[in-house]
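Novice: First, the structure itself, so that you have it in front of you.
Where a number appears in this text, it was derived from the coordinates with a stated rule and is not lab data. Note that this is a predicted model, so its numbers are computed, not measured. Cβ: placed from backbone, ideal geometry, glycine included. Neighbour counts: every protein chain shown.
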Amino acid sequence: MPMPKRLERPMADILKDAAITGFIAFALALPLVGFQTVDQASAIVLQTRFPQLFYAVALIFTGRLLLLFCNAGLARPIMLVTGAFSVLWLVNAFANFVTVNWQTLNFLTFATSTVVALRAWVLMRRRAAALTERGKDVMGERIAVAVNRLARRIGPFIAAFAVALPFMPFADQRTMDIGIAVLTYVMLGWGLNVVVGLAGLLDLGYVAFYAVGAYSYALLSKGLGFNFWEALPIAGGLAASFGIMLGFPVLRLRGDYLAIVTLGFGEMIRLVLLNWSALTNGARGIGDIPRPSFFGMPFTPAPPPGITAVHQFFGVDFAPIHRVYWLYYIILLLAVLTNWFTLRIRRLPIGRAWEALREDEIACRALGINPTNTKLTAFAIGAMFAGFAGSFFATRQGFISPESFNFLESAIILAIVVLGGMGSQIGVVVAAFLLIGGPEYFRDLQAYRMLAFGALMVGIMVWRPQGLLAHRDPTLRLSKRPAPDGVPGR
Amino acid sequence: MTPTPLLTVEHLTMRFGGLLAVDDVSFNAMNQQITAIIGPNGAGKTTVFNCLTGFYKPTVGRLLLTAADGKAHLLERMDGFRIAQHAHVARTFQNIRLFPRMSVLENLLVAQHNKLMRASGYTALGLFGVPTYKHAEAHAVDLARYWLERIGIVNRADDNAGTLPYGDQRRLEIARAMCTEPVLLCLDEPAAGLNNRESAELNELLLYIRDHHRIGVLLIEHDMTVVMKISDHVVVLDHGRRISDGTPVEVRNDPAVIRAYLGEEEDEALPAEVARDLGVPTERGGELH
């Protein structure tokens with residue numbers, strides 16, 4: 001076989017490398033893919049799936065081989081072939097020319113082909129522009145700048161779309177539920193962004209404040225008859241004071257140490273909720289939490305006499321989704337409030353002090369900034385938003401238990417902030433869509449969505465560790481200010 | 001206005017376990033004067049600074065700061081950030097400590113934090129953009145612009161501080177300290193790592209600060225050309241003790257200083273460059289005992 005002149009690595013070498021990869025894949029896939037336990041009547045039976053195993057190993061071997069050829073200088077043809085394959089696969093997925101078995105492996109074939117095509121494309125770009133590692137960062141930075149600029153311009157349109165969403169034809173129960181979930185996490189992400197993104201305090205126990213807000217509302221409304229809007233500021237205030245309580249002992253800690261203590265704090269709150277049965281009803285949780293009313297009007301099909309229900313007020317037929325619409329608007333309002341607040345506070349002295357504290361605490365002290373107060377404000381404000389979101393969670397679910405506030409929640413909220421790019425508001429939105437909307441929407445793919453979730457996180461760590469849209473614009477620019485007429489002196 | 005004692009250091013002692021880093025040091029720093037603290041490595045210069053600016057609590061001693069308006073502060077009793085906030089002592093660091101991922105202008109605004117916090121009603125009023133805050137912010141930007149013009153980097157105001165060349169970063173740190181509107185400016189080796197031209201620019205800046213802003217400057221420096229050219233008063237430390245105190249001319253002719261820098265055994269002539277820095281003619285090197 002005539003060897004292409006462009007190959008930059010011996011063929012034998014490439015085959016050996018791919019063969020090793022294939023062998024490792026085989027060793028791993030044999031127990032994972034090759035065997036399957038099936039529940040039959042009363043016994044569990046072991047079945048083999050050797051064709052699938054063979055296919056998976058062949059796929060990995062081929063993928064590796066293609067990547068190695070890419071690196072050896074064949075990027076262009078490989079990109080054309082795999083790119084074309086991916087496009088054909090997508091067309092087939094919609095048009096169903098060929099029906100395929102093995103849903104998962106089929107999807108993985110597409111994923112492999114796409115990854116190889118993207119890799120080949122990146123390699124071509126890098127060779128063309130002689131891009132170095134730094135060049136890759138510059139490219140990511142340029143994308144981040146463009147998206148941030150764009151977000152400012154199309155922000156109003158996104159907001160308008162969000163407001164109009166319930167009136168869209170596709171706005172069924174499921175879409176609205178996903179919308180509410182995404183918005184809740186967007187709000188939590190924006191709140192945590194104050195603590196992690198601006199003040200640089202790595203908080204792994206953020207869910208504790210979410211729990212405080214949820215239980216505050218549940219107890220206030222059930223025990224004392226507060227309605228949602230009355231309980232909201234109290235829940236926020238309570239969460240903020242818990243933020244200060246956490247803040248005090250951890251003031252001297254930074255980085256990893258701070259992360260561990262906040263993690264412990266999150267668990268403490270959960271354990272207290274679990275064990276203080278007299279107040280919180282323990283593991284059984286609190287049910288029948290009052291749902292929000294529409295300016296005093298309930299969302300019920302048959303209201304008691306003398307009270308107008310919402311559907312009667314608007315003169316439409318009763319539908320359970322009306323309440324979902326209203327919940328959606330509440331969380332939208334709360335999220336927009338959080339965004340407005342954080343955007344403003346970033347431009348105030350306290351916001352700049354948070355960022356300065358993140359950059360260099362010693363320099364801050366030398367400039368007369370009180371680090372204690374500054375950190376505590378960050379903790380308190382971040383916690384307050386979690387408290388608001390928690391109240392909303394309680395009224396939306398109608399039932400809360402300590403189960404809802406485990407460490408995984410904290411990790412997901414933190415992942416949203418980090419993935420989006422610390423300090424970036426639009427990054428949080430994009431990340432919340434990817435991490436919450438994605439898995440919710442692809443619920444049909446069952447366990448594989450978690451696999452995709454993991455792959456996404458690994459990919460981000462490799463390609464853009466600073467986060468998708470990490471980019472920081474100065475809070476104010478000298479070039480946009482008129483020159484002063486006089487020179488100030490002392 | 002004649003120079004008055006701005007800072008009076010009395011019997012300052014700092015002990016870290018068994019190590020006596022600063023041993024009973026006393027000196028004065030005058031208003032409108034540049035006072036230099038010099039000494040070999042490990043003499044305790046930076047420890048004195050850290051005591052002055054509240055990063056360490058002195059074991060023994062009194063640090064009295066008397067501002068030109070008569071307000072007095074006992075620095076040894078104050079927390080670190082309060083010294084900068086209330087006593088208006090500003091400092092820079094041996095290894096530059098800017099906020100690298102914030103813009104140059106933001107660095108200078110963070111220095112005016114306390115003033116701006118008050119103007120923003122501790123955030124409550126600023127959140128709604130009240131005019132008094134807008135006004136205060138404009139004023140703060142003007143002060144920042146003034147210092148940027150002074151150090152010649154107005155055109156880089158919106159770039160991240162970490163992207164500036166080394167010499168500019170050094171001067172920006174001084175500008176940032178000046179934005180706190182201090183009565184005493186403490187500089188920890190401001191000329192370290194600067195080339196001759198940058199060093200000359202730095203001298204000019206320090207003299208300007210002394211003459212036009214009429215504050216006291218206290219500096220630690222290794223570079224003798226800087227010390228000898230611009231200091232009004234030099235304090236020499238060695239092994240934590242004050243071994244000499246006076247005008248640059250007095251200090252460089254003080255046998256104790258030369259011994260400290262060159263060691264007790266003095267059989268050879270001074271190395272030419274050391275002698276030049278100290279201003280001692282080489283042929284007299286052997287007569288100093």
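Novice: With θ set to phi - 60° and the Karplus curve 6.51 cos²θ - 1.76 cosθ + 1.60, what are the ³J(HN,Hα) couplings of the range A:196-203 in order, to the nearest whole Hz, using x for Gly and Pro?
Specialist: My calculation for the range A:196-203 gives 8, x, 8, 7, x, 9, 6, 10 Hz in order.
Novice: What angle do you read, to the nearest 10 degrees and between 0 and 90, between the alpha-carbon axis of helix A:75-95 and the longest principal axis of chain A?
Specialist: Between the helix axis and the principal axis of chain A, the angle is about 60 degrees.
Novice: Further, regarding this structure: Roughly speaking, what is the centre-to-centre gap between the range B:65-113 and the range B:4-53 when only Cα atoms are used, to the nearest Å?
Specialist: Cα centres, the range B:65-113 to the range B:4-53: 18 Å.
Novice: Could you list the chymotrypsin sites (Phe, Trp or Tyr not before Pro) in the range A:166-208 that lie in coil according to DSSP, counting only those with at most 12 other Cβ atoms within 10 Å of their Cβ?
Specialist: Here the chymotrypsin sites (Phe, Trp or Tyr not before Pro) that fit, given the DSSP loop and packing criteria, are A:Phe170.
Novice: For the Cα atoms of chain B, what angle does the longest principal axis make with the long axis of helix B:166-179, in degrees from 0 to 90, nearest 10?
Specialist: Roughly 60 degrees between the two axes.
Novice: For chain A, what does the helix formula give at 222 nm: sum of -39500 (n - 2.57) over DSSP H segments with n ≥ 4, over the residue count, nearest 500 deg cm²/dmol?
Specialist: -22000 deg cm²/dmol
Novice: Right, another one. Would you mind counting up the charge near A:Ala383? Only other residues with Cβ under 14 Å from its Cβ, with Lys and Arg at +1 and Asp and Glu at -1.
Specialist: Net charge in that neighbourhood comes out at 0.
Novice: Moving to a separate point now. Per residue of the range B:240-251, in order, report the coupling 6.51 cos²θ - 1.76 cosθ + 1.60 (Karplus, θ = phi - 60°) as ³J(HN,Hα) in whole Hz, putting x for Gly and Pro.
Specialist: Listing the rounded values in order: x, 10, 7, 10, 7, 7, x, 6, x, 5, 4, 5 Hz.
Novice: Expressed as a whole number of Å, what is the distance separating the alpha-carbon centroids of the range A:294-324 and the range B:239-263?
Specialist: Between the Cα centre of the range B:239-263 and that of the range A:294-324, the gap is 90 Å.
Novice: Let me ask something else. How many percent of DSSP beta bridges within the protein assembly as shown run antiparallel, rounded to 5?
Specialist: 65 percent
Novice: Considering only the other residues whose Cβ falls under 15 Å of the Cβ of A:Gly351, what net charge follows from Lys and Arg at +1 and Asp and Glu at -1?
Specialist: Summing Lys/Arg as +1 and Asp/Glu as -1 gives +3.
Novice: Same structure, new question: Net charge near B:Glu173: determine it from the other residues with C-beta under 12 Å of the C-beta of B:Glu173, scoring Lys and Arg +1 and Asp and Glu -1.
Specialist: +1
Novice: Could you calculate the FRET efficiency of B:Glu181 with A:Trp102 from 1/(1 + (r/R0)^6), where r is the beta carbon distance between them and R0 is 60 Å, rounded to 0.05?
Specialist: 0.25
Novice: What is the distance in Å between the Cα centroid of the range A:147-215 and that of the range A:30-101?
Specialist: Value for the Cα centre distance between the two parts: 36 Å.
Novice: Then there's this: Using θ = phi - 60° and the Karplus curve 6.51 cos²θ - 1.76 cosθ + 1.60, what whole-Hz ³J(HN,Hα) does each residue of the range A:391-401 get, with Gly and Pro shown as x?
Specialist: After applying 6.51 cos²θ - 1.76 cosθ + 1.60, I find 4, 4, 4, 5, 6, 6, 6, x, 8, 10, 8 Hz.
Novice: Here is a follow-up. Run lengths n ≥ 4 of DSSP H only: what is the helix-derived mean residue ellipticity at 222 nm for chain B, with -39500 (n - 2.57) per run over all residues, to the nearest 500?
Specialist: -10500 deg cm²/dmol
Novice: A further question follows. Most mobile of B:Asn195, B:Asn31, B:Asn203 per a Gaussian network model of chain B (Cα springs, under 10 Å)?
Specialist: Of the options given, B:Asn195 has the highest mean-square fluctuation.
Novice: By how many degrees, between 0 and 90 and to the nearest 10, does the Cα long axis of helix A:207-224 differ from the longest principal axis of chain A?
Specialist: 40 degrees
Novice: Could you list which residues have their amide H under 5 Å from that of B:Asp245, counting only those 5 or more apart in sequence or on another chain, with H placed in the peptide plane?
Specialist: Sorted by chain and number, the residues that satisfy this are B:Val236.
Novice: Mind checking the dipole of chain B: about its Cα centre, +1 per Lys or Arg Cβ, -1 per Asp or Glu Cβ, Debye to the nearest 20?
Specialist: About 1420 debye.
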